[in-house]
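Here's the structure, in structure tokens; my notes come after.
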Amino acid sequence: MGNVSVNNLVRMANDIAENLGHGAVDDAAAAEQVASHIRRFWARAMKAQIKGYLNTDGADLSAVARCAVNLI
């Protein structure tokens, strides 16, 4: 994936959190699953962008997605 907008990354992270959160025991477990997914499948630049977004604002990330980004 080339230059992905931060809005798309936020949407993707939130979608992953929603999908993986259904089978998780709690939010912490869901966040770890989301972080694992992001670590494996997102490009380094995408991870840097979402981390930068979290560090400057992060308001549009769900609670689980926010925790996941903190774990990557």
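Of (1) 64, 25, 19; (2) 49, 33, 21; (3) 34, 23, 17, which one was derived for Cα extents along the principal axes in Å from the structure shown?
Recomputing Cα extents along the principal axes in Å here picks out (3).
In Å², and per residue, what accessible area does the chain have when probed at 1.4 Å with the other protein chains present?
Ligands and nucleic acids excluded, the figure is 59 Å² per residue.
Roughly how big is the chain's charge dipole about its Cα centre, with Cβ charges of +1 (Lys, Arg) and -1 (Asp, Glu), in debye to the nearest 20?
Once rounded to the nearest 20, the dipole reads 400 debye.
I'd like the orientation of helix 6-21 relative to the chain: the angle between its Cα long axis and the longest Cα principal axis, in ° from 0 to 90, rounded to 10.
Tilt relative to the chain: about 10 degrees.
The values are calculated or read from the model by the stated rules, or taken from the named source; none is laboratory data. This is a predicted model, so every value here is computed, not measured. Because the Cβ atoms are built from the backbone with ideal geometry, glycine has one as well, and the counts that use them run over all protein chains shown. The accessibility values were calculated without ligands, DNA or RNA, using every heavy atom of the protein model including side chains. Shrake-Rupley method; radii C 1.70, N 1.55, O 1.52, S 1.80 Å.
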